[in-house]
Each structure stands twice: as C-alpha cells, then as structure tokens.
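Participant: First the structure, which I've put down as structure tokens, then a few questions once you've had a look.
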Amino acid sequence: MTQKLKVAIIQSSPVYMNLEASLDKAVGLIERAAAEDARLVTFGDQWYDLPGNNNERERQERLYVRDVHRIFAENKSKPKSKTPPTLRTATPQERASYHQIVQAWGHNPFGDATDEDSALGEPQNPYPGFSKGKLEDINKALADGAKLLQKSDCQKELAKAGINVTDLIKRFSNLSARPDSASNIKGYNVFYAEKSTDPQVQQFLKTERGKGAGAFIYGQDVMVRDAFFNARGGAAIGGEISRALALIHEAIHLTGKSDADFGGSSKLNDVVIHACWSKLYGHKNLAIVGN
Ligand SMILES: [Zn+2]
C-alpha cells in the first residue's frame, strides 16, 4: 500500500543577514505549509547562509577581521622613519571612515579579541573606555564641572577671557566617557589615552607636553591619562575639583580656543581657576592636569 506525502518547497528568501527575522519567517512558512497538509517542508540553500551559522559568509567575515589585524600589525612593525611623526588631528574623512567601519560591524572589530584573533597579537583599540572606578571619577568631575559652569561669576569671568560660554556649556554637557563595557564608541567622546593603540596618541604621550598632560584633545575627542585620576588638587582642595576644572579646560579647547590663545596651557588653567574656583585663586598647590 502506498501513502501520499505532501511536500512543501519554500521558494521565498530569508531576511538578509537577520537571523531572528528569518527564523520568524521560516516558522510562519512552516505553519502555512502544515495548514495545507504538507508533511515535509524544504528550504533553499539561502537559508543556510544566515549569521550565526558556521557558513560561508561567517567564514569570510572572520577572514576579513584576520586581514584587518594583519594589516595593522604589519603597519605597526614598519621601521620608523628618521623624523618621528607628530601628533596630527584625524581628518573628518578618516574619522568618518572609522565610524563607518564600526557602524557596519555593529561593534568595534579592533577592540574585541576572539580566540582566533589572540594569535595575532594585541587587539587594536584607538578609542578605549574606562573601568568602573575611573568612569565614576570622570562622571563625578563632569557633574561638578557642570555645576561650576552654572555659576554666574564663573560664566562672567570666562566670557571676559574671550570664551564663548554658551558654546562651552554645550560642549561640556556633551562630554561622555566610554565605559570599557560599551561595545562601540558611538555617542562617546572621552577615551582612555593610556590604553589607546592609535600611533599618534602613543607618540604624543611620549613628548614633553604629553608626559605632563592629564588630558588632551584629539580631534573632537578628549583623551584622558592616568595622571588625571592621580591628580591631587593641593592642600585645600580634593583631586575631584582639579579633575572638574581640567575637563572645563579641555571643553574650552573644543570651542576652538587653543592654549596659545591664553599664553599657554598653565595660563588657561589660571583663567579657569580664577573664574570658576576664585576662592582658591593663587593657591600654589592647585594642580590642574589639563593640557
Ligand atoms: Zn590646554
């Protein structure tokens, strides 16, 4: 005796590169086939090529990541030219292309090592984040700094020094430190200089100015050094205030003002201390570690 078996052949495609939506679609198709009494449902090979499967596309992506790491490693090991490169601000195009890579992958391909990558050396991470303790210090400094910037005498004195206070407050409130748990740099603009693998940042850290810096501007971002966290404000104030003032110093740079506009980095510190911490103006021990 023979039995009839109704077979459903699925001709529609999965949702491109979206495993979850594709599974939903597959379940819907199976249910439809079952409702029409099909007992066997077959899917085309497109359904095999989904992210999360050990399929061709996944393998190509892993090879691509490996290539990126290899190119970076080769670049790093090239013999140094006689004149060391100076710190250069990344062009908007360079930054845009980096952001595009991050967006295209949905995560930072240079920052997250997998087992496969570990054989290729340290992962590349130009814009690293902060551990919990350091993040708390920065966020405290941001909160304290925002409060200082609300004070009218602080605003008045900064304006007298030629600073656009409205812009400064906007820039300062936009500062956002990346937690090291964040999977990408989107939305963050304060990063950990010490851990950055960016050659220009590394180079700057070794210069005289870089050595003395607690924080500095890189493009439109703020790079923070270990010295920032170790800052002592002096006998009369805590390191916290000096950290808040240092971030105000950096935000002033983001408004387009350089140290030279004030006669040097320490002169700008004087302006910030005088304007926003006037009671301690002239305090010899007050150390701001901005640059
Ligand atoms: Zn400066």
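The values are calculated or read from the model by the stated rules, or taken from the named source; none is laboratory data. Quantities reported herein were computed from a predicted structural model and do not represent experimental measurements. Using ideal geometry, Cβ is built from the backbone for each residue, glycine included, and neighbour counts are taken over all protein chains shown.
Participant: Could you list, in sequence order, the residues of the range 256-275 that are away from the ligand (no atom under 11 Å from the Cβ) and not small (G, A, S)?
Facilitator: Step one: filter the range 256-275 for residues away from the ligand (no atom under 11 Å from the Cβ), giving 256, 263, 270, 273-275.
Of everything in the range 256-275, those that are away from the ligand (no atom under 11 Å from the Cβ) and not small (G, A, S) turn out to be D270, I273, H274.
Participant: Would you kindly identify the helices (runs of 4 or more DSSP H) lying entirely within the range 104-187 that contain at least 2 residues that are modelled with pLDDT of 95 or more?
Facilitator: Numbers: elements: 115-118, 132-150, 152-160, 165-174.
So the answer is 132-150, 152-160, 165-174.
Participant: Within the range 243-255, track down each residue that is in contact (Cβ under 8 Å) with a residue 40 or more places away in the chain and either within 9 Å of the ligand (Cβ to nearest atom) or small (G, A, S) (or both).
Facilitator: Looking only at the range 243-255, we keep the residues that are in contact (Cβ under 8 Å) with a residue 40 or more places away in the chain, and these are 243-252, 254-255.
Matches in the range 243-255: A244, A246, H249, E250, A251, I252.
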